[in-house]
Amino acid sequence: MALDSYTVPPKNIDSARVFDQRGRVVGSVKGIESDAAGKPDAISIQLSDGRPLMVVAAGDVSYDQERNVVVTAIDPQGIALAK
């Protein structure tokens, strides 16, 4: 489910791993930013290759609560360009 469709940040998302759409691990969640109403607005991702934290809009990620996994629509090349 798209992260921006949640009304509040999911309970365990702060311990989730982050994957690209091809199933490759790209990092882990380090934080969630919420809007004034408490709805998820952005997610901070610590990239696996040691680059600084990257902030991605909540609309660009989905969250699988059952597996505690975040999937980003940004591919690894896009992540490299977004740094």
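See the values below:
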read-out	value
For Gly27, distant residues with modelled amide H under 5 Å away	Val18, Ser48
For the chain: accessible area per residue (Å², 1.4 Å)	59
Chain lengthening between Ser15 and Ala73 when straightened (0.36 nm per residue, less Cα-Cα)	19.0 nm
Counting DSSP beta bridges with both ends in the chain, the antiparallel % (nearest 5)	85
Around Gly31: net Lys/Arg minus Asp/Glu count, Cβ-Cβ under 13 Å	-2
Candidates Gly59, Gly23, Gly50: whichever shows maximal mean-square fluctuation once the chain is modelled as a Gaussian network with Cα springs under 10 Å	Gly50
Amide N of segment 53-74 lying under 15 Å from the label point, which is placed 7 angstrom from the Cα of Thr7 along Cα→Cβ	none
Rotationally averaged projected area of the chain (alpha carbon convex hull; nm²)	4.9
Choice from Asp14, Asp41, Asp49 with maximal GNM fluctuation in the chain (Cα, 10 Å cutoff)	Asp49
Of all accessible heavy-atom area on the chain, the percent that carbon and sulfur account for (1.4 Å)	49
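The values are calculated or read from the model by the stated rules, or taken from the named source; none is laboratory data. Because the structure is a prediction, the values reported are computed rather than measured. Ideal geometry is used to build each Cβ from the backbone, glycine not excepted, and the neighbour counts take in all protein chains shown. Accessible surface is based on the protein model in full, side chains and every heavy atom, while ligands, DNA and RNA are left aside. Shrake-Rupley method; radii C 1.70, N 1.55, O 1.52, S 1.80 Å.
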